[in-house]
Protein chains: 2
Amino acid sequence: MALAVFRAARRAPSIARSSSSLCNRFLRFSAVRYAADVTRDPMTGELTSLPDIEPARLKFIKNTDPRPPPPSSSLVFGQVFTDHMLTIPWSANSGWDAPKIQPYGPLQLDPSCTVFHYAQTLFEGMKAYRDKNGKVTMFRPDMNMKRMNVSAQRLALPTFNGDALLELIKELIRVDKHWIPQEPGYSLYIRPTLIGTQRAIGVGPPNEALLFVICSPVGPYYPQGFKPIALYGTTEYIRAAPGGTGGYKLGANYAPGVVPQKIAAKKGYAQNLWLHGPEHYLTEVGTMNLFVVFKKDNGYIELVTAPLDGMILPGVTRDSVLALAREHISGKSKLTDLPDNLVVSERPVTMGEVKAAADKGQLVELFGTGTAAIISPVDRIGYLGGDVHIPTDPDGMGPVSRVLWKELVGRQLGTIPSEWSVTVCES
Amino acid sequence: MALAVFRAARRAPSIARSSSSLCNRFLRFSAVRYAADVTRDPMTGELTSLPDIEPARLKFIKNTDPRPPPPSSSLVFGQVFTDHMLTIPWSANSGWDAPKIQPYGPLQLDPSCTVFHYAQTLFEGMKAYRDKNGKVTMFRPDMNMKRMNVSAQRLALPTFNGDALLELIKELIRVDKHWIPQEPGYSLYIRPTLIGTQRAIGVGPPNEALLFVICSPVGPYYPQGFKPIALYGTTEYIRAAPGGTGGYKLGANYAPGVVPQKIAAKKGYAQNLWLHGPEHYLTEVGTMNLFVVFKKDNGYIELVTAPLDGMILPGVTRDSVLALAREHISGKSKLTDLPDNLVVSERPVTMGEVKAAADKGQLVELFGTGTAAIISPVDRIGYLGGDVHIPTDPDGMGPVSRVLWKELVGRQLGTIPSEWSVTVCES
């Protein structure tokens, strides 16, 4: 096994050569950096801990039948995938196996695999952006790697070195970087997924798993400018509950939401507003986090979102919105046009409070946040047979969301420099 | 397309011949019976509704490399599978495709398939029993077909004719009937599964799905006689909540239970007892339904289980236990040794009530019910730092569960005649 690592180290440069048109040679260095993750007995050379994900062991199998990326204008979210995918198998006996970037194609899985029976699956959603000069960036990818590990732990699936996986994801993006649309608002959506693949139908921690990453070029959520959506206040179905898995990005949180979404659509609403408990606490919007802006009696503007109490997904956009608002308040990074008398709260909000504020003219705006839509303004909530109306400006947005959206998009594309933007390659 | 059905009708007898060693020729008849399910325009012959599952269209691809079934004594639950599997693809455009019994083997699925990302999966657990004369039976399979359709509806996956699927499952059992162990307590576990296979990572009703059925020979849950288990009263994690999916047999209900189970095991308990709400209502045991038996102040014996309030899986064994007890009480079918002063309740029970009854010597017994274990007696519940002890007899069971178990097993194996036992083949 010591030999295997040595071979991996020697193999690395040749892989780097095979992708020499790419803008980075991380593999040459990572062989050194990551081989150290494997603990060995200094006398016998035997493994004393199982291998983590090791970029130095990457195998690259080039797609010899690549397709031309479709015109950006024809893109529908998540329906077209790039020429390659990343796969990393894991087993309880031997840890993480060598990562492989290979042609995009079907997975071969035994019908007894636990993912098919017990929903042993979790995922992340990330984006890569490409500017006119060919520079490719990602937005706070470390947050996704951390959250993915937290999700894995919650399902008794294997955890991993998030930096190592991120290096491999960057390499996958570099391999398929001509698939990243460069039109403003377009990006490459990246979907890391981890599934249990034990070939046995008992319910337990799987002894085999597969991590894979696929990429899909996507267009802007609102190609014709912002169009506020109407939400249906759902009280008969839940997305999450205390002690459940709503705070983790698990597949299990999504399938049960499809029927409630269909019901909302039938009633003429775009998405569910998940209301919790007899108090009808606002938790999330469809598959997005939720923000409300109130004008308080004392004149302050309050930006509120539900606290991370275990029912709320710790969204990267949610965290970024909170951070931007707090940096503005603290003076660390002032945002022009954002009110000076802003306060930020992570606290429970009931529909009663929203309705009362709307009636009194103190509801400033309400919006969803997520990786796909970034910010999604809301103009109406169907609630207990009536509609609560929410102000929006002619551009579809509100005074707080507009400023935050501009800053967020600027930081994502790198036009506003920030440490949140991570360079994948320069040209 | 009218021609296709005609071809199917002609093909059927030849398939029946190819499996002529089997004990039934349903295909010959089903061609007539099920072709009628497809609605056609009487003038043009064109489809006016999409095809349902049609046994007459069955394609049989024989496994040319069959394996010998392993010795029954070596069986571990759900680890070995028979030579064949049943697959039936569905698409939103063309409905249910021709069913196929084919060699057991890997599924080829696009990595974007919705089952991998959003847990679009549901399943059933059934058993086939084989007696010394080769007679093969199933136990109340219509209940599983109904529940599977209810689950499909909950996930916006396609529903189907349950009788038609059951005919096909019986055919699969007949094809692999030499895999059914004939030792007492052994059986063939049957796992119908339905997954969303749309190749797109949007969250919505899938436009493609796959129904498959695999079979695994299994041994008795308690090969050395009943061994009561200890439960850990779980209050920090939930299995289900009002408005959630606990009442449906979805994959999404299972993966989140693995970590709580590991925690219970670490504390020295075999399974979780899922306690709901601040009242600590007893809901389910691990992946089983739960029954408690109280001795009431008025001398009556009360058999209690949680009501089907949306959080409780409507188990087939649960329903059978309730039906047996009620038939005993009504006099329709008296069970020797079961108390005459029995009452049956579907009502909420709190841990407070269980603990108080245990303290007063009025807790008779507590057991789980499920397809795998049938009846699983409990002798201890870890609760708020202490242990509640539950009486068990020297044979591991209690006075109510023992009688019900005997009757259930008799009806399952057909030694006690009942309409619950469905014959798959006679020799």
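Readers should treat all values here as calculations from the given coordinates under stated rules, not as data from a laboratory. Everything numeric in this text was worked out from a predicted model, so none of it was measured. Ideal geometry is used to build each Cβ from the backbone, glycine not excepted, and the neighbour counts take in all protein chains shown.
Annotations for the structure displayed:
- Top of B:T392, B:T64, B:T159 by mean-square fluctuation, Gaussian network on chain B, Cα under 10 Å: B:T64
- Annotation for the range A:222-267: trypsin sites (Lys or Arg not before Pro) lying in DSSP loop with at most 16 further Cβ atoms inside 10 Å of their Cβ are A:K267.
- Springs between Cα atoms under 10 Å define the GNM used for chain A, and in it the highest mean-square fluctuation of A:D142, A:D395, A:D83 occurs at A:D395.
- Long-range HN-HN contacts of A:D110 with modeled amide H, under 5 Å: B:L107
- For B:T64, label point 7 Å along C-beta direction: distances to other copies, nm: 2.7
- Residues of the range B:355-396 falling in the label zone of B:I416, defined by backbone nitrogen less than 18 Å from a point 7 Å along Cα to beta-carbon, are B:367-377.
- Whole-number percent relative contact order across chain B, with pairs defined as alpha carbons under 8 Å at least 6 apart: 16 percent
- Taking amide H positions as modeled 1.01 Å from N, with prolines and chain starts lacking one, the residues under 5 Å from A:M85 and 5 or more places away or on another chain are A:Q102, A:Y104.
- B:L384/B:M43 FRET efficiency (R0 51 Å; Cβ-Cβ; nearest 0.05): 0.10
- Proximal aspartates and glutamates relative to A:K267, as straight alpha-carbon distance under 15 Å, when same-chain residues fewer than 8 apart are discounted: A:E236, A:D387
- Whole-Hz Karplus values for the range B:168-182 come out as 5, 5, 4, 5, 4, 4, 5, 4, 10, 5, 5, 7, 7, x, 9 Hz, taken residue by residue from phi with 6.51 cos²θ - 1.76 cosθ + 1.60 and θ = phi - 60°; glycine and proline positions read x.
- The simple spin-label model puts a point 7 Å past each Cα toward its Cβ; for A:S345 and A:V259 those points are separated by 3.6 nm.
- Helical runs (DSSP H, four residues minimum) scored at -39500 (n - 2.57) apiece and divided by the length of chain A put the mean residue ellipticity at 222 nm at -8000 deg cm²/dmol.
- For the set A:K266/B:K127; B:K135/B:K332; B:K146/B:K406; A:K135/A:K295, the pairs lying more than 31 angstrom apart at their alpha carbons are A:K266/B:K127; A:K135/A:K295.
- Taking the label point 7 Å along Cα→Cβ, A:D395 and its counterparts in the other copies are spaced 7.9 nm apart, in ascending order.
- Max mean-square fluctuation residue, GNM over chain A, Cα-Cα springs under 10 Å, options A:T369, A:T234, A:T415: A:T415
- Take A:N133, push a point 7 Å out from Cα through the beta-carbon direction, and compare it with the same point in every other copy: 8.6 nm, smallest first.
- Inter-chain neighbour count for A:148-158: the average number of beta-carbon atoms from partner chains within 10 Å of each residue's beta-carbon is 2.
- Amide H contacts under 5 Å for B:S333, placed H, 5+ residues apart: B:H328
- Distance between the 7 Å Cα→Cβ label points at B:K296 and A:K334: 7.5 nm.
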